[in-house]
Amino acid sequence: MKKIFFYIIAIIAVSFTISIMLTKNVETNEVSTEEVEKVENNFIKLLHTETGSVEEIGLESYLYGVVAAEMPASYELEALKAQAVVARTYTKYKQNEKKHEQADICDDSKCCQAWISKENRFARWEEDERESNWQKIVSAVDSTAGKYIIYEGQPINALFHSNSAGKTELPINVWGGNYPYLESVETSGEEAYSTYASEVQISKDELIQKMLEKYPEFTIDFKKDDCMKILEYNESGRVKTLKVGNINLSGVEARTIFGLKSTNFEFLIDGDKIKFSILGYGHGVGLSQSGSDSLAKQGKNFEEIIKHYYKNVEIVE
Ligand SMILES: [Zn+2]
């Protein structure tokens with residue numbers, strides 16, 4: 001009787017030990033990014049601008065949604081990796097900046113950087129490419145996990161845009177300040193992208209309307225040859241000052257008022273219409289996304305791409 005009791009205890013003890021071993025194995029084999037982040041406490045507060053809600057989300061999982069929103073999944077993997085490192089850096093920079101009171105960063109590309117949920121991203125992709133696109137983005141983020149860009153020990157303001165049309169812009173020409181690591185650099189191959197060239201047409205009445213909203217004293221006489229004229233260009237070839245009637249606009253202001261994709265534009269008055277032809281897409285400062293893809297196609301890796309657009313920086317973990 002005692003023997004049977006001993007065997008029962010022994011069997012219970014052995015199965016208990018095995019089950020602990022199995023559980024441990026499962027844990028070590030399947031540590032998700034979320035679990036690592038819980039341990040490392042690497043969470044950020046993301047403000048959803050549409051609802052106003054603030055979500056606490058692991059930094060790396062958050063970056064899947066940023067890369068998915070900011071760069072076409074069809075771009076080269078090295079370009080997506082550069083975007084992942086840049087987005088991680090930009091997030092850290094924003095955390096230090098404390099732009100939003102209750103959040104580290106928001107999901108609006110005009111304010112911070114865009115973010116999209118996996119569900120919403122899937123809805124916009126063709127069904128047969130959803131999984132492979134997502135896996136490519138996950139791989140870009142995971143293979144650069146924790147990496148970010150510093151200058152003199154601090155995360156840089158890793159500004160980026162869609163297409164520089166061959167030459168990036170200095171921040172001083174957009175926002176009035178400069179950063180030592182942001183110079184104007186050239187990239188070849190950007191003309192091959194759909195973001196390279198665009199057009200905007202507005203009628204003379206629309207132009208008057210748009211100008212009056214901003215400048216109530218605005219007048220223009222379209223009979224005069226010089227009623228609209230580009231007065232000055234920046235070194236990068238973008239418009240610095242545009243005269244419209246009795247008002248001088250900065251290129252940046254003109255971009256906003258007339259809804260142009262960049263400040264690299266020319267125009268033509270044709271009958272009742274003003275036709276703007278625009279090159280590039282975005283403010284033009286920092287990393288160009290189409291330029292990154294073009295560099296990746298030329299054989300550059302993500303570190304070389306990053307160092308092409310940001311000068312004298314280091315990539316650290
Ligand atoms: Zn924001």
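Within the stretch 42-62, residues that are of a type in the set (Asp, Glu) reach partners that are assigned to a strand (DSSP E or B) and more than 15 Å from the ligand (Cβ to nearest atom) with beta carbons closer than 9 Å, at six or more positions or on different chains, in the pairs Glu56/Phe43. Looking across the stretch 285-300, the residues that are surrounded by 14 or more Cβ atoms within 10 Å (Cβ to Cβ) and over 22 Å from Tyr179 (Cα atoms) come down to Ser290, Asp293, Ser294, Leu295, Ala296, Lys297, Lys300. Kindly indicate whether Tyr179 is crowded, with 17+ Cβ neighbours inside 10 Å and of a type in the set (Phe, Trp, Tyr). So Tyr179 passes the test. Checking Ala79 against (1) of a type in the set (A, V, I, L, M); (2) over 13 Å from the mean Cα position of the chain (by Cα); (3) buried (at least 17 other Cβ atoms within 10 Å of the Cβ), which test does it fail? Every listed condition holds for Ala79 apart from (2).
Has the stretch 94-114 got at least one residue that is away from the ligand (no atom under 16 Å from the Cβ) and assigned to a helix (DSSP H, G or I)? Within the stretch 94-114 (the criterion being away from the ligand (no atom under 16 Å from the Cβ) and assigned to a helix (DSSP H, G or I)), the answer is no, since none of the residues qualifies.
Results for (1) in contact (Cβ under 8 Å) with a residue 40 or more places away in the chain; (2) farther than 24 Å from Gly284 by Cβ, shown as yes or no for each residue.
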position	(1), (2)
Ala84	yes, no
Asn96	yes, yes
Trp115	yes, no
Ala123	no, yes
Ser143	yes, yes
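Restricted to strands (runs of 3 or more DSSP E) entirely inside the stretch 229-317, those with at least 1 residues that are among the polar types (S, T, N, Q) and without any contact (Cβ under 8 Å) to a residue 24 or more places away in the chain are 239-244, 247-250. Looking across the stretch 261-278, not a single residue is among the hydrophobic types (A, V, I, L, M, F, W, C) and within 19 Å of the chain's Cα centre (by Cα). Please verify whether Phe258 is farther than 22 Å from Leu287 by Cβ, buried (at least 17 other Cβ atoms within 10 Å of the Cβ) and over 21 Å from the mean Cα position of the chain (by Cα), treating the condition exactly as stated. The answer is yes for Phe258. So, Tyr62, is that one at negative phi, crowded, with 23+ Cβ neighbours inside 10 Å and within 16 Å of the ligand (Cβ to nearest atom) or not? The answer is yes for Tyr62. Each residue in the stretch 166-189 was checked for being outside any loop (DSSP other than H, G, I, E, B) and either assigned by TED's automatic domain parsing to the domain that holds Gly245 or over 28 Å from Gly299 (Cβ atoms) (or both), and 3 of them qualify.
Can you find a residue in the stretch 127-142 that is more than 11 Å from the ligand (Cβ to nearest atom) and either part of a loop (DSSP other than H, G, I, E, B) or not assigned by TED's automatic domain parsing to the domain that holds Leu46 (or both)? Checked against the condition, which is being more than 11 Å from the ligand (Cβ to nearest atom) and either part of a loop (DSSP other than H, G, I, E, B) or not assigned by TED's automatic domain parsing to the domain that holds Leu46 (or both), the stretch 127-142 yields no hits at all. Among the residues of the stretch 69-92, are any within 12 Å of the ligand (Cβ to nearest atom), more than 23 Å from Tyr309 (Cβ to Cβ) and of a type outside the set (Phe, Trp, Tyr)? Checked the stretch 69-92: no residue is within 12 Å of the ligand (Cβ to nearest atom), more than 23 Å from Tyr309 (Cβ to Cβ) and of a type outside the set (Phe, Trp, Tyr).
The values are calculated or read from the model by the stated rules, or taken from the named source; none is laboratory data. Bear in mind the structure is a predicted one, so any value in this text is a computation, not a measurement. Cβ atoms come from the backbone with ideal geometry, glycine included; neighbour counts cover every protein chain shown.
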